[in-house]
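What follows is a short report on a single structure.
Please treat every number below as a calculation from the coordinates, not as lab data. As the structure is a prediction and not an experimental result, all values here were calculated from the model. Cβ placement follows ideal geometry from the backbone for every residue including glycine, while neighbour counts extend to all protein chains displayed.
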Amino acid sequence: MSNQKIDLTQLNPEQLNAVKQQFDQELQHFQQSLQALMVAKSKFVECINDIKTVSENAKDEQKILIPASPSLYISGKIHDNKKFMVDVGTGYYVEKSDVEAIAFYEKKITKLNQESIQIQDIIKEKSQSSMAIATQMRQIAMQQAMASKEGANKAVPAAAK
């Protein structure tokens, strides 16, 4: 992200439009990124809830359905409800206790929250810049309309008024 300041009053309407389109594209990109972070965060929260549900149940040999594909499940039993295989990224899984697994996901959520705040700040800045550009474009359009109206009034002879 560039912190370069642009004097909007020095740009012509075509340049303003190009700059606004760029800001709007960047804004859309950051909004999509924020949405992806929120989806990831909700998945991690769901993992924590699942770990708590399984690990707090004192019943041995809990029955569970294991997804083999999106529409195929295999029945199974949980032998140790205090150990979990955690996806730590790029296809690697690590066995963790319930406490360690929850701490792992909480750390991920904290990181996502921090990144979300940063992206929200960027979105706010980009939105303000986009609105400033739109305001400048409206001002130029009004000035051009008034100038052309004044030009038309001067072209009409006084007797015709």
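Using only side-chain charges placed at the Cβ, +1 for Lys and Arg and -1 for Asp and Glu, the dipole size of the chain relative to its Cα centre rounds to 620 debye. The long axis of helix 98-155 is offset from the longest Cα principal axis of the chain by roughly 10 degrees. Potential lengthening of the chain between Asn12 and Leu65 amounts to 12.7 nm, from the contour at 0.36 nm per residue minus the alpha-carbon distance. Measuring nothing but how far apart in sequence close Cα pairs (under 8 Å, 6+ apart) lie, relative to its length, the chain scores a relative contact order of 30 percent. Seen against the Cα atoms of the chain and their longest principal axis, helix 13-56 is set at about 20 degrees. Going by the alpha-carbon gyration tensor, a ≥ b ≥ c the square roots of its eigenvalues, is segment 63-103 rounded (a/c under 1.5) or, if a/c is not under 1.5, prolate (a/b greater than b/c) versus oblate? Cα axes put segment 63-103 in the oblate bin. Where a Cα-Cα gap under 22 Å defines reach, which lysines qualify for Lys43, not counting those fewer than 8 residues away within the same chain? Straight-distance partners of Lys43: Lys52, Lys82, Lys83, Lys96, Lys107, Lys108, Lys111.
Toward the positive end of the charge dipole of the chain, with +1 on the Cβ of Lys and Arg and -1 on the Cβ of Asp and Glu, the farthest Cα among Val94, Gln120, Leu27 is that of Leu27. Note that segment 47-161, at 37 °C in a medium of 0.692 mPa s, gets a Stokes-Einstein diffusion coefficient of 159 µm²/s from its Kirkwood radius over C-alpha pairs. Taking 20 Å as the cut-off, the amide N atoms of segment 85-122 that come nearer than this to a point 7 Å along the Cα-to-beta-carbon line of Ser33 belong to 108-122.
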